[in-house]
Amino acid sequence: MQQRQVSSFLVDFWEKSIETIDEKKLKELQLERLNYSIEIAKKSEFYGQKLKDIKKIKNFDELEKIPFTTKEDLLQNNPLSFLTTDLKNIVRVHSSSGTTGRSKYIFYTKKDIENWADLVARCLFMVGIRKNDIFQNMMSYGLFTGGLGLHYGAEKIGILVIPAGVGNTEKQIELMRELKTTVIHITPSYLLYIAHYIEEIGLSPSEDFNLKTAIVGAEPYSENTRKKLENIFKINVYNCYGLSEMNGPGVAFECPYKDGLHLWEDNYYMEIIDPKTGKILGENEEGELVLTTLKREGMPLIRYRTGDLTKILRERCECGRTHRKIMRIKGRSDDMFIVKGVNIFPSQIEAVIMEFPEVDKNYQIIIDRKGGLDILTVQVEIKKEFFKGEINELRDLQERIKEKLKEKIFVSPIVELVETGTLPTTTGKAKRVIDKRRL
Ligand code: DLL
C-alpha cells in the first residue's frame, strides 16, 4: 500500500508547534490555563465553595493554597456536582470503579472529546503511526476509556480502526491475520496471553503477522516485560498512561526513545507529592502524581491525587520535545502490600522474574498468614521446554529466582514453578496479587 501523507497542517499541529513549544512559553501557557481551570471550576457545585477565595494565580507556588481533590471526593459526592455546565452540553460519560465498589463518573462536552482525541492522535503520531496503518483496538469499548479514547484519536489521524474490543482471542488473531493489522492497543497481560495462544496454535508471533507496533498500557508493567514482548513479536512496544479522571489514555506516552513518558504539559499541570505528608517534591524525587486539567471545560479537576507513583525526570529528552517525562508508573500507592513489615510493589517482583529466559508470560503473587507469620508465595509459569527438563535443573532455577527476589525485595519468598497455561488469565486488567490475609 502506498504511504499516504498527512496534511502539513497536522504535522505542524502535532509535531512542531505544540510538542516542542519553548519552555518559557509553555510555563506562561500553563499559568494562563490554570487560571482558566480554576475560574471554570468555580462554576461547579463541588468547587464553588472550595475555591471561592482563590484569586488569580501569578505563580505556581500559589497553587499550594488549593486543597487536593481525591478519589473519595469523586466517590462520595453527587457526580453532577462536578459539572460546570448544564447537562444538555454534556455529550459523553465514562466511568471507572473505585475499590469500594462505587464508580467515578467523568463527563465530557463536545469540545472535551475533540481535545482528548487530539491528544491521543498526538501520541500515536509521535510513535510513527500514520494513515496507512491498520489499527486493532483490543481494549474494552464502553464505560472504560481505553476503547473509545484510542478509537477517536486514531480516527483523527485517519487510520483504519478495527474496533475489536477485548477478548475472543481466536477472533482477534483472525482479524490480525486477515486485515493485516500493523498496530494494536492492548493491556500487557492480555498481550502476554495472546503470545502464548499464538504459540499454542502453532503460529509464530513474529513471522505470521504484520504487526509493527503495540500501544500497551492501563496497568503497570516492567521494562523487562516490554523487552520480552518486543522480542516475542519483533515489534515496538510503547507505554501509554492515563486515567479516566484525566479523560483516559493519552495523558503521558513514550516517544521512540522509550525512556520515560512525555506528559502533555499543555493539557495537564503535574506535581509530585509525598503521599504521606502532601509536600511537593522536586524533579527526580519519587512520589504520587497529582494532576490538574488545563483545558477541560465540562468537568475540570484541580490538584487531583492520582494515587500513581512515579517521578518527573530531570533530564530533557533527546527527541527534542519540551514536555517533561515521567518514569514508568511503579504502581499505585494502594497496590503496595506489606509482608513482614517490608513494603513491596508487584512491579518489583515482575521485573525480577521476567529477567529469567525460562520464565514464560504469567505469574501470581499470593500472601497468606500462618501462625502469625506472613508468607509470600510467587507462582511463576515456566516455558514448556524447560518445564519438561531435568528436575535438578528446575530446582536450581527455583533457587536462583528465590535468591534474586530476596536480594531485590528483602523478603524470602516461596517460589513455585508451574507449567505455562496453569495460572488464571484475564483479558482486562490483571489481578496479580491475592492477599488471603484480607479474605
Ligand atoms: O486505565 C486508562 C487507560 C486506558 C490508560 C488504556 C492506558 C491505556 P482507569 O481504568 O481509570 O483508566 O485506570 C487508571 O490505571 O491510575 C494507573 O494506576 C493505571 N494505569 C493506566 N495506565 C498505566 C500505565 C485507564 N501505562 C489507572 N502504567 C491509573 C501503569 C497504568 N499503570
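Among Ala351, Ile38, Ile312, which residue has its Cα furthest toward the positive end of the charge dipole of the chain, with +1 on Lys/Arg Cβ and -1 on Asp/Glu Cβ?
It is Ile38, whose Cα lies furthest towards the positive end.
What is the sum of charges around Val251, taking Lys and Arg as +1, Asp and Glu as -1, for the other residues whose C-beta is under 11 Å from the C-beta of Val251?
So the environment of Val251 carries a net charge of -3.
For a label point 7 angstrom out from the Cα of Val433 toward its Cβ, which stretches of region 397-413 have the backbone nitrogen within less than 15 Å?
Output list for this probe position: 409-411.
What does a probe at Arg102 reach in region 55-84, counting residues whose amide N is under 16 Å from the point 7 Å along Cα→Cβ?
Flagged as within label range: 69-83.
Arg316 to Val93: extension gain in nm, 0.36 nm per residue of separation minus the Cα-Cα distance?
Roughly 76.7 nm would be gained on extension.
When DSSP beta bridges are limited to those with both residues in the chain, what percentage is antiparallel, rounded to the nearest 5?
Close to 65 percent.
Please list, or write none, the lysines whose alpha carbon is within less than 18 Å of the alpha carbon of Lys171, excluding same-chain residues fewer than 8 places away.
Output for Lys171: Lys180.
Could you point to the residue in Asn59, Gly242, Leu211 farthest towards the positive end of region 1-333's charge dipole, with +1 and -1 charges on the Cβ of Lys/Arg and Asp/Glu respectively?
Result: Asn59.
Looking at Phe68, Ile365, Gly48, which one has the Cα that reaches farthest to the positive end of the dipole of the chain (charges on Cβ: Lys, Arg +1; Asp, Glu -1)?
With unit charges placed on the Cβ atoms, the residue in question is Gly48.
Under 1.5 on a/c is rounded, so check that first for the chain, then, if it is not, pick prolate when a/b is larger than b/c and oblate when it is not; a ≥ b ≥ c are the square roots of the alpha carbon gyration tensor eigenvalues.
oblate
Charges only on Cβ, +1 for Lys and Arg, -1 for Asp and Glu: so what's the dipole of region 337-438 about the Cα centre, in debye to the nearest 20?
Dipole about the Cα centre, nearest 20: 600 debye.
GNM, the chain, Cα, under 10 Å: largest mean-square fluctuation among Leu83, Leu175, Leu74?
Leu175
Please report, in Å, the Rg and the Dmax of region 124-194, where both are computed over Cα atoms only.
Spelled out, the Cα radius of gyration and Dmax of region 124-194 are 11.5, 31 Å.
Which of the GluC sites (Glu not before Pro) found in region 266-315 are in a DSSP loop and have at most 14 neighbouring Cβ atoms, other than their own, within 10 Å?
Those that pass, being in a loop and sparsely packed, are Glu283, Glu285, Glu286, Glu315.
Roughly speaking, what is the stretch gain from Lys258 to Glu28, that is 0.36 nm per residue apart minus the C-alpha to C-alpha distance, in nm to one decimal?
Working: separation 230, 0.36 × 230 = 82.80 nm, distance 2.80 nm.
Working it through step by step, the gained length comes to 80.0 nm.
Anything over 25 Å Cα to Cα? Flag those among Lys156/Lys311; Lys24/Lys55; Lys25/Lys88; Lys227/Lys325; Lys156/Lys361; Lys227/Lys330, in the order listed.
From Lys156/Lys311; Lys24/Lys55; Lys25/Lys88; Lys227/Lys325; Lys156/Lys361; Lys227/Lys330, over 25 Å: Lys156/Lys311; Lys25/Lys88; Lys156/Lys361.
For region 53-167, what is the charge dipole size about the Cα centre, in debye to the nearest 20, if Lys and Arg each add +1 at the Cβ and Asp and Glu each add -1 at the Cβ?
I would put it at about 220 debye.
Under 20 Å from a point placed 7 Å out from the Cα of Thr277 along the Cα-to-Cβ direction: which residues of region 318-340 have their backbone N that close?
In region 318-340, the label zone of Thr277 (backbone N under 20 Å from the point 7 Å along Cα→Cβ) covers 333.
Fully extended, how many nm does the chain gain between Lys58 and Ile338 (0.36 nm per residue separation, minus their Cα-Cα distance)?
96.6 nm
So which GluC sites (Glu not before Pro) in region 187-241 pass both tests, a DSSP loop state and at most 16 other Cβ atoms within 10 Å of the Cβ? Could the numbers behind the result be given before it?
Details: sites: Glu199, Glu200, Glu207, Glu223, Glu230; in loops: Glu207.
Qualifying residues, ordered by number: Glu207.
Please sort 39-46, 62-69, 102-109 by packing, taking for each peptide the average over its residues of neighbouring beta carbons within 10 angstrom, highest first. Before the final figure, lay out the partial values.
Values: 39-46: 17.8, 62-69: 15.4, 102-109: 19.6.
With the highest mean Cβ count within 10 Å placed first, the list reads 102-109, 39-46, 62-69.
Determine, for each peptide in 20-29, 246-255, the mean count of other beta carbons within 10 angstrom over its residues, then list the peptides with the highest first.
The packing order, highest mean first, is 246-255, 20-29.
Could you compute the FRET efficiency for Leu160 and Asn35, with r as their C-beta to C-beta distance and R0 at 51 Å, rounded to 0.05?
Details: r = 41 Å, r/R0 = 0.80.
The computed FRET efficiency comes out at 0.80.
May I ask for the net charge around Glu178, where only other residues with Cβ less than 14 Å from the Cβ of Glu178 are counted and Lys, Arg are +1 while Asp, Glu are -1?
In short, 0.
Can you compute the charge dipole magnitude of the chain about its Cα centre, using +1 on each Lys and Arg Cβ and -1 on each Asp and Glu Cβ, nothing else charged? Give it in debye, rounded to the nearest 20. Don't skip to the end; give the middle numbers.
Numbers: 68 positive and 65 negative charges, 218 e Å.
The dipole of the chain has a size of about 1040 debye.
Gln398 versus Glu385, label points 7 Å from Cα toward the beta carbon: distance in nm?
Calculated label separation equals 2.3 nm.
Every number in this text was worked out from the coordinates using simple rules, so none of it is lab data. As the structure is a computational prediction, the values presented were derived from the model and not from experiment. Backbone-built Cβ (ideal geometry, glycine too); neighbour counts: all protein chains shown.
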